[in-house]
Amino acid sequence: MKDDGVFSQTICDLKNCRTCEQRLPLGANPIFQLHPMAQILIASQAPGSAAHNSGIPFQDPSGKRLRSWLGVNETTFYQADKFAIMPMAFCYPGRGRGGDLPPSKECAPLWHDKLLQQMPNIRLTLVIGKYAINRYMPHLKNNKLTDILIDQDFTRAEKIVLPHPSPRNNIWLKKAPWFEEECVPELQQRIATLI
């Protein structure tokens, strides 16, 4: 990274972003974890209310499951020079009838390319949730999650789709025990080689 000052300014600008604040029930509070030397990018959906309140991404049951899948502890997971966390929307979108609302559409186009240009060491992108799939792997957006996971090469692909680690996915995980039995060990080996 040639100019840390540019990255620092971008992070400051992101932290102060208020583009969609008027639509956010709890106001703007961009949640992310970014570092110019990060090697693994977690492209997720949007922070939940727990992240909004704590200011820490994945500090909830979803995060506990995700760390388990990755085979890392909290200390390692929160080392920004190892794991970058960049959601499709940086602020909590609020809650609807079926759970959290979709991520705001403005965030990813406004920030992602700018941030990725300043993180040249990303070697693996973990794509979590349909909104992240639509942005980072649009050719898969109409595919079923099960089909995507079965066809993936966890050992070599530069982008890997993961099911959302939310407890709301427990039913799917029970129907697809092969994911945690076969795919997760391969993912853990891959993560171990990168960190």
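Computed from the coordinates by the stated procedures, all read-outs in this text should not be read as laboratory data. Remember, predicted model here, so these are calculated numbers, not experimental data. Note that each Cβ is placed from the backbone with ideal geometry, even for glycine, and that neighbours are counted across all protein chains shown.
Points worth noting:
- Relative contact order of the range 4-194, pairs being alpha-carbon contacts under 8 Å that are 6 or more residues apart, as %: 26
- Full extension of the chain segment joining Arg23 with Asn143 gains 40.1 nm, where the gain is 0.36 nm per residue of separation less the Cα-Cα distance.
- Put a plus charge on the Cβ of each Lys and Arg, a minus charge on the Cβ of each Asp and Glu, and nothing anywhere else: the dipole of the range 144-195 about its Cα centre is then about 240 debye.
- Annotation: extensible slack from Asp81 through Glu106 equals 6.4 nm (criterion: 0.36 nm per residue apart, minus Cα-Cα distance).
- log₁₀ of I(q)/I(0) at q = 0.11, 0.14, 0.15 Å⁻¹ - the range 25-107, Debye sum with one point per alpha carbon: -0.28, -0.45, -0.52
- Only Lys, Arg, Asp and Glu carry charge here, each on its Cβ (+1 for the first two, -1 for the last two); on that basis the chain has a dipole of about 520 debye about its Cα centre.
- Above 21 Å, the calculated P(r) of the range 4-194 contains 49 percent of its Cα-Cα pairs.
- Cα centroids of the range 156-181 and the range 21-80: 18 Å apart.
- Each Lys or Arg adds one and each Asp or Glu takes one away; over the other residues whose Cβ falls under 13 Å from the Cβ of Pro163, this sums to +4.
- When the charge dipole of the chain is built from unit charges on Cβ atoms (+1 for Lys and Arg, -1 for Asp and Glu) and taken about the Cα centre, the candidate among Val6, Phe32, Gln118 whose Cα reaches farthest toward its positive end is Phe32.
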